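The values are calculated or read from the model by the stated rules, or taken from the named source; none is laboratory data. These numbers were taken from a predicted model, which means no experiment stands behind them. With ideal geometry, Cβ positions are generated from the backbone for all residues, glycine too; neighbour counts draw on all protein chains shown.
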Amino acid sequence: MSLTRLYPQVAVLAAAAVSLIVLCVAPAGAQPVLVVSINDTMIVNDSTSVWVDVFLTNTSDSVAGFEMTIMLDNPDLIEFFDTGGDPTIDTAGTLISGWSLVSTNYLGGSSTFKIAALASYYPLPPVQCIAPRTEPGLLFRMKMGVFPYTPGRLPDRNIILMINGGLDWTAFSNEIGTLIGTTTIIDTTYHYWVCTHWQGDTCLEWEQIPWPEGADSTSMEIKPMTILDTALTHYDDGLVRVVPECHGECGDANGDGLVNIADAVYIITYVFRGGLPPVEDKCADANNDYSVNVGDAIYLVNYVFRGYTAPECSPHW
Ligand SMILES: [Ca+2]
Ligand SMILES: [Ca+2]
């Protein structure tokens, strides 16, 4: 490390670092060069598993490898699946079909999932990287397990699948090892020194101090750092919606197999007077809005007395 008493030299170094930062920042309005999106998926609540699609758009660079970490916000409803010997990842027909290395890991119990993939790995034969593409391509499909729910009750249906965007967790690389959609910035640290032994104008012994006041010299440590550039990279979270089904007649709140005014009375008794809950919540959801309330009683009255459309409990978005 060279130390100097000439502060102007420090100023020159600092100016150079600033100009590097300016050059490396993406211009305003830059188009993303990398988009990863998890497909929104709907399943009925009797399902025990669900496949979720993950898509990639890489416009500027070929992708030769990546690692990706996905977390879910409701591990009581769904989990990254690793039982029964079933595949948790399906790469057949995807952008990474035939890649040399594809590995999966579960972190934090079963609520965090990490996949790492490499196109070619010596001495295995070379495999095609993912060429730049402007349209989303299927990157892989992952299988998730769905926990049983309390029979009859409407479950909390939405689970968000989040991509962890930290470079230690999610990163895409081209063939020469450059991370795609990142920016290099310069991290600068100043160090301050006092001379404890002068001989004329020459210092024979230096001691570091933590502040600039009283310093005889300043040195600068410059470290380039790679960070995710959110102007160039979009990670779009996904939603798994577990949709309840009615196993009987839609509108049959009291579970007697018929849909009539008694069901409207049953719902009103439940909502206003603390009566028994519907035998199956979804069957009582006559207006199909995924809750049971006075609106369902009104819907049934209109159906029975006014010829309105029959209740329909089909799952929908
Ligand atoms: Ca009934
Ligand atoms: Ca309803």
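Structure above, values below:
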read-out: Candidate set: the stretch 279-291, residues that are near ligand 2 (Cβ under 6 Å from one of its atoms) and surrounded by fewer than 24 Cβ atoms within 10 Å (Cβ to Cβ); chosen: the one farthest from ALA253 (Cα to Cα); value: ASP289
read-out: Any hit, the stretch 211-223, residues being away from ligand 1 (no atom under 16 Å from the Cβ), in a strand (DSSP E or B), within 30 Å of ALA30 (Cα to Cα) and not assigned by TED's automatic domain parsing to the domain that holds ASN45; value: yes
read-out: Number of positions in the stretch 245-278 that are part of a loop (DSSP other than H, G, I, E, B) and within 15 Å of ligand 2 (Cβ to nearest atom); value: 9
read-out: Test set (1) at pLDDT below 95; (2) farther than 30 Å from VAL35 by Cβ; (3) of a type in the set (D, E, K, R) - ASP229 fails condition number; value: (2)
read-out: Qualifying residues in the stretch 250-273 (those that are within 10 Å of ALA286 (Cα to Cα) and within 42 Å of the chain's Cα centre (by Cα)) - the one surrounded by the most Cβ atoms within 10 Å (Cβ to Cβ); value: ALA253
read-out: From the options PRO311, PRO244, residue that is away from ligand 1 (no atom under 16 Å from the Cβ), touching a residue at least 60 places away in the same chain (Cβ under 8 Å), in contact with a helix residue (DSSP H, G or I) (Cβ under 9 Å, 6 or more places away or on another chain) and of a type outside the set (S, T, N, Q); value: PRO244
read-out: Test for ASP237: is it away from ligand 2 (no atom under 15 Å from the Cβ) and at pLDDT below 95; value: no
